1. Looking for whichever is part of a helix (DSSP H, G or I) and more than 15 Å from the chain's Cα centre (by Cα) here; the options are B:37, B:83, B:94, B:88. Which one fits?
2. State the number of residues belonging to the stretch B:44-67 that are at pLDDT 90 or above and either more than 30 Å from residue B:139 (Cβ to Cβ) or of a type in the set (D, E, K, R) (or both).
3. In the stretch B:14-34, what residues are of a type in the set (Ser, Thr, Tyr) and not in a helix (DSSP H, G or I)?
4. Take the conditions within 24 Å of residue B:49 (Cα to Cα), free of Cβ contacts under 8 Å to residues at least 24 places away in the same chain, within 19 Å of the chain's Cα centre (by Cα) and surrounded by 15 or more Cβ atoms within 10 Å (Cβ to Cβ) and apply them to residue B:173. Does it pass?
5. Looking at the stretch B:141-162, which of the residues that are in contact (Cβ under 8 Å) with a residue 40 or more places away in the chain and buried (at least 22 other Cβ atoms within 10 Å of the Cβ) is nearest to the other protein chains (Cβ to nearest Cβ)?
6. Answer with yes or no whether residue B:20 is within 22 Å of residue B:164 (Cα to Cα), surrounded by fewer than 15 Cβ atoms within 10 Å (Cβ to Cβ) and modelled with pLDDT of 80 or more.
Amino acid sequence: MSDKMLSDQELDLLLANASQPEIPLDFAERFARRIAVAHSNNVIAFPARKAAQKSSSLAFPMAAALAASLIVGIWVGANGQLGTMFATQTETAILGSSNDFAPSGIEDLTAVAEDNKT
Amino acid sequence: MAIGIEKIPVSMNWQTATDAALLEASCRHNQQAFSVLMGRYYKDVYRVVWRINGGHVDTDDVTQETFLKLWSNPAQIREPAALKGWLLRVGSNLVMDRFRQKPMAEIEAADNVADNALAAPAIIDQGYVAKTIDRAIADLPDRQKLALTLVHFEQMTNIAAASAMAISVDALESLLSRARRGLKEKLGPQGKMLLAAVEQGQ
């Protein structure tokens with residue numbers, strides 16, 4: 001080893017001059033506070049269970065109305081009454097072949113104007 | 001409170017109780033017994049943690065966390081005679097884990113960490129010697145630093161230090177040897193100057 005390097009004894013002598021920590025004296029008190037906090041964190045507060053809500057006074061009338069509309073729907077369907085609400089194929093054909101003309105846009109208006117000129 | 005604290009007779013003197021008795025009482029969450037146990041070892045843990053983390057401000061927090069781990073489950077200590085070694089191992093592991101997670105910039109920004117750019121003063125005083133040695137120790141790898149701390153600063157035997165680090169005695173001696181060689185290389189020729197200043201001051 002080089003003469004410039006420290007020997008083991010010299011290193012030990014230097015290490016004896018290293019800094020030493022200042023140990024806090026109130027460590028135990030602060031630790032006691034910390035475990036008190038840790039304990040309090042372990043307690044989990046559960047909210048009180050809510051009481052089951054009573055059924056609303058409107059529940060029965062609403063159920064009755066829904067049931068009535070269902071019954072009417074079944075009755076209408078079962079008697080074939082639903083077909084009268086729509087136009088028959090013949091009526092649709094007649095409506096489609098009508099000569100009534102109602103202009104529906106600017107192009108139709110120019111076409112009508114040209115027809116009138118001739 | 002989630003954990004019950006044991007009520008004990010006032011006349012009970014825990015100061016003279018053995019570690020085994022204190023641990024047993026601590027298992028029943030006896031705060032007085034645990035307090036005595038902590039009083040016996042917290043300075044050792046504090047010094048080792050301080051040395052490993054280079055005097056960082058987190059030393060107190062890490063030491064408390066070490067005892068919090070013991071308090072939360074004292075029954076994990078199978079051998080009461082090995083309590084000190086367990087505490088030192090847990091403390092050093094905690095500080096190594098914590099510093100591994102933190103960016104180095106934050107660590108170096110701490111006030112208590114030795115300045116890496118110490119300029120040699122005209123007259124080398126004791127403070128400069130101490131800071132230079134602290135910095136050289138702080139630069140060692142963690143395991144080497146721990147081995148050096150336990151054997152040199154805590155005056156533990158190689159067997160006790162190896163047990164505390166959970167390694168073989170051969171592995172400990174290897175770490176020690178590398179730590180000492182590393183220190184000599186880091187201090188370099190400046191080491192002789194520091195030594196001269198120390199001898200002059202004595």
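1. Of B:37, B:83, B:94, B:88, the one residue that is part of a helix (DSSP H, G or I) and more than 15 Å from the chain's Cα centre (by Cα) is B:37.
2. 6
3. B:16, B:18
4. The answer is yes for residue B:173.
5. Among those that are in contact (Cβ under 8 Å) with a residue 40 or more places away in the chain and buried (at least 22 other Cβ atoms within 10 Å of the Cβ), it is B:149.
6. Values: within 22 Å of residue B:164 (Cα to Cα): yes; surrounded by fewer than 15 Cβ atoms within 10 Å (Cβ to Cβ): yes; modelled with pLDDT of 80 or more: yes.
Yes, satisfied.
The values are calculated or read from the model by the stated rules, or taken from the named source; none is laboratory data. Quick caveat, the model's predicted, so the values are computed rather than measured. Here the Cβ is made from the backbone with ideal geometry for all residues, glycine too, and neighbour counts use every protein chain on show.
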